[in-house]
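Have a look at the structure below before the remarks.
Just so it is clear, none of the values below were taken in a lab; they were calculated from the coordinates. Owing to the predicted nature of the structure, the values given are computational and were not obtained by experimental measurement. Note: ideal-geometry Cβ built from the backbone for every residue, glycine included; neighbour counts use all protein chains shown.
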Ligand code: M6R
């Protein structure tokens with residue numbers, strides 16, 4: 001059942017090229033520059049007229065929501081707010097019939113996310129679901145939705161469900177951009193052509209598995225770790241930190257790289273591994289300055305870089321390369337090495353990676 005892998009988590013990490021292909025199947029037509037999402041096609045007008053979108057979710061699904069915020073604002077130019085479902089539901093939020101709520105949940109059973117949906121529904125909002133488990137409670141509560149089709153996820157740590165959620169949100173962002181006319185046809189064509197190749201690039205990224213195991217060996221006894229990123233690299237950093245803490249029990253925090261100087265930089269010394277998303281994006285130069293700040297305080301830098309990078313390589317202690325892709329797809333690629341790093345560290349520490357202590361796969365209590 002584990003398909004020859006030692007753990008479900010590793011199997012599910014390696015399944016990602018396939019799960020993302022499944023997620024995109026029948027939904028993108030690159031040559032025509034067309035995105036087709038059957039589940040939400042009756043709501044085109046709603047998206048066209050939307051003043052804002054509120055995303056509600058918990059845990060890893062909330063991180064996917066943050067990636068969605070970058071993509072929807074960038075391409076569809078609709079303001080997005082991303083809320084923890086547990087905070088949203090108890091805050092007497094301002095919501096009206098004009099609002100669109102997107103609820104993200106792998107299991108489709110998370111109690112806080114369900115309560116957030118019910119509240120928003122009572123106040124007249126239109127609710128879309130992004131769920132993995134077909135026919136679960138959340139898809140039944142929402143007006144419409146888009147399934148992630150990642151297949152069953154057994155490991156408690158979300159891996160392939162996260163990248164499938166990000167894929168769906170990418171498709172939704174492009175779909176909204178298309179209907180609103182905020183993207184040119186030629187730009188959409190080139191993005192979709194690239195998106196279609198992302199599963200192959202993930203396959204290539206997975207080839208670093210043994211190399212990442214080598215890095216994991218160096219950090220298995222760490223007590224803390226920082227994860228830094230900018231732009232859509234920030235939610236990737238948050239997700240990397242969550243993965244490490246939930247399965248290896250190492251205390252880890254994700255931060256926007258520029259926030260470091262507002263506090264966390266005080267933590268840095270030669271004992272502190274700092275994982276930095278330092279790929280060639282619009283914030284590359286800024287991230288380089290942040291790496292310099294860490295190195296000046298003797299922090300140990302593990303950088304995720306674009307293949308062929310030389311500048312970061314000269315500064316970082318360890319680098320993990322990922323293939324070059326449009327900035328829109330960075331989260332899909334940069335997440336992979338972080339999943340592998342956490343996995344190997346947890347296994348080396350003798351942790352039960354598929355069923356970490358104190359955690360359940362679906363959190364059906366508030
Ligand atoms: O099923 P959901 O996506 O609603 O679950 C939300 C969180 O409980 C979940 O993502 C959790 O954070 C994962 N264990 C993280 O790996």
> For segment 40-144, what class follows from the C-alpha gyration tensor (a ≥ b ≥ c being the square roots of its eigenvalues): rounded when a/c is under 1.5, otherwise prolate if a/b is larger than b/c, else oblate?
Replying inline: rounded
> How would you rank 217, 1, 239, going from fewest to most other Cβ atoms within 10 Å of each one's own Cβ?
Replying inline: 1, 217, 239
> So how compact is segment 289-366: Cα radius of gyration and Dmax in angstrom?
Replying inline: 16.5, 48
> Using alpha carbon centroids, what distance separates segment 141-163 and segment 233-255, in Å?
Replying inline: 20 Å
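Take every DSSP beta bridge whose two residues both sit in segment 199-338, then give the antiparallel share in percent to the nearest 5. Walk me through the numbers on the way to the answer.
Numbers: 0 of 19 bridges.
Looking only at bridges with both residues in segment 199-338, the antiparallel portion is about 0 percent.
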> Which one of 95, 198, 247 has the biggest mean-square fluctuation once the chain is modelled by GNM with Cα springs under 10 Å?
Replying inline: 95
> Which of 33, 108, 240 moves most in a GNM of the chain, Cα contacts under 10 Å?
Replying inline: 33
> Mind checking Rg over Rh on segment 104-210, alpha carbons, Kirkwood formula for Rh?
Replying inline: 1.04
>> Can you tell me what share of the DSSP beta bridges in segment 1-131 is antiparallel? A percent to the nearest 5 is fine.
In response: 10 percent
>> Starting from the 7 Å offset along Cα-to-Cβ, what nm value, one decimal, do you get for the label separation of residue 349 and residue 90?
In response: 2.8 nm
> What is the gain in length, in nm to one decimal, between residue 31 and residue 209 on full extension, counting 0.36 nm per residue of separation less the C-alpha to C-alpha distance?
Replying inline: 60.7 nm
> Considering only DSSP beta bridges with both partners in the chain, what is the antiparallel share in %, to the nearest 5?
Replying inline: 5 percent
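Assuming a ≥ b ≥ c are the square roots of the Cα gyration tensor eigenvalues, decide whether segment 245-348 counts as rounded (a/c under 1.5), prolate (otherwise, with a/b larger than b/c) or oblate.
Since a/c reaches 1.5 but b/c is at least a/b, the shape of segment 245-348 is classed as oblate.
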> Which distance in Å, rounded to a whole number, links the C-alpha centroids of segment 1-52 and segment 344-366?
Replying inline: 26 Å
>> Rounded, prolate or oblate for segment 138-196? Axes are the square roots of the Cα gyration tensor eigenvalues, ordered a ≥ b ≥ c, and the cut-off for rounded is a/c under 1.5.
In response: oblate
